[in-house]
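Please read the structure below before turning to the comments.
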Amino acid sequence: MSDEKMSVIVQTIAGMLFPMVLIFSFYVILHGHLTPGGGFQGGAIGASAVALLIVAYGSKTIEKKMAEENLSIFESLGGLVFVIVAIAGFILASAFLSNFLVGEPLFGQIPGWGESPLNSGGFLPILNIAVGMKVIGGLSAIVLMLALVSREVKEQ
Amino acid sequence: MKKLAFIGFVVFCLFLFYAAYDIRDFGAPPSSMDDRIIGSYNSTTGEWEYGAVNETGANNAVTSVVFDYRGYDTLGEATVLFTAIAGVMLLFGGRKHE
Amino acid sequence: MIEINLFEVLIVVLSVFMIASAVIAVWFKDLLASVISLAAMSLVLSLYFYILHAPDVAIAEAGVGAALTTAILIITIRATYRMEGEK
């Protein structure tokens, strides 16, 4: 285990598996108000995809593709979206974090669109996306940071 | 140590079996308490009555509780995650370029 | 005649698997095998949550417990020693 990279077989399978896992994580996040799952669950799946890449390719290669400062900025952006939507509920409707989009014609129509109603849940998808951004960025940044630091500890 | 592990194994097994004894069957219809949360379909008028589906427009009742009814808890959870990232970055951020 | 429900049989089997893999994780000297045993315990626990009508918690448990924790522990083992008590 002295070399950080794994074998070519593991690298190829990880590279093939990464987009599929990421697409599944986006599905879980975007359908959080319809099916089981949500922002945190989908974000954990996406961060596990990044962790798979880190374990297979080594942290030095991944750091060139996505720096952990950018991941941290992504995470903070998610938190900012959450707070902005919450304050918009304070301004447009009655209270902080009130669901101001429910009952509106586009996003909050009840009982949904079409013959068999597909509910769209007001502002719940926006908050799901915000929390998903937070969790993907945050957990990926933690795993990447731990991998980088532990590699340097081993070298000393 | 092995004897202690075996005793713990047996005790936890008995606890889980006791907990599984009174569980309701898989896919069994929900109780009346769930009807108040999720809402029930009135076949005569063709509308959902008194539930999270009617109030928030989300089919998944858990998401409507987590993000709408108890939105402050989710905000606190986001704050916890932000603090954890800030702690990791402060602890290891300077050490990476040594 | 005792009526055997397949569902209760599944609960019993999953309980035995879960607790056995948790005990094995403590018992191993090889820490990498111990981490893999913990991941198996997490996976069985997520199945258990699914049976207990909590699919949200099951997805979170499978994502965090079986994938992220395993990755973090494997990274830590890479930086330190693989066998317990080794220096």
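The values are calculated or read from the model by the stated rules, or taken from the named source; none is laboratory data. Because the structure is a prediction, the values reported are computed rather than measured. No Cβ is skipped: glycine too gets one built from the backbone with ideal geometry, and neighbour counts run over all protein chains shown. Protein only, heavy atoms only, side chains kept; ligands, DNA and RNA dropped before computing areas. Shrake-Rupley method; radii C 1.70, N 1.55, O 1.52, S 1.80 Å.
So the values come out like this:
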item	result
Residue in the stretch A:14-32 that is part of a loop (DSSP other than H, G, I, E, B), out of contact with any Phe, Trp or Tyr (no Cβ under 7 Å at 6 or more places or on another chain), free of Cβ contacts under 8 Å to residues at least 60 places away in the same chain and closer than 27 Å to C:Arg82 by Cβ present	no
Count of the stretch C:11-60 residues which are in a helix (DSSP H, G or I) and more than 15 Å from B:Phe9 (Cα to Cα)	27
Breaking point among (1) closer than 22 Å to A:Gln41 by Cα; (2) touching a Phe, Trp or Tyr at 6+ places or on another chain (Cβ under 8 Å); (3) in contact (Cβ under 8 Å) with a residue 12 or more places away in the chain, for C:Ala39	(2)
B:Val65 being out of contact with any Phe, Trp or Tyr (no Cβ under 8 Å at 6 or more places or on another chain) and either facing chain A (nearest Cβ under 9 Å) or buried (at least 16 other Cβ atoms within 10 Å of the Cβ) (or both)	yes
Number of positions in the stretch A:53-75 that are over 15 Å from the mean Cα position of the chain (by Cα) and without any contact (Cβ under 8 Å) to a residue 40 or more places away in the chain	5
So C:Leu45, is it under 25 Å from B:Met1 (Cα atoms) and either open to solvent by less than 80 Å² (accessible area, probe 1.4 Å) or within 14 Å of chain A (Cβ to nearest Cβ) (or both)	yes
Enumeration of residues in the stretch A:1-38 that are farther than 14 Å from C:Asp56 by Cα and among the polar types (S, T, N, Q)	A:Ser2, A:Ser7, A:Gln11, A:Thr12
Flag if A:Ser150 is within 14 Å of chain C (Cβ to nearest Cβ) and either open to solvent by less than 30 Å² (accessible area, probe 1.4 Å) or at pLDDT below 85 (or both)	yes
Leading residue by the ranking (farthest from B:Ile23 (Cα to Cα)) among those in the stretch C:61-87 that are assigned to a loop (DSSP other than H, G, I, E, B) and within 13 Å of chain A (Cβ to nearest Cβ)	C:Glu86
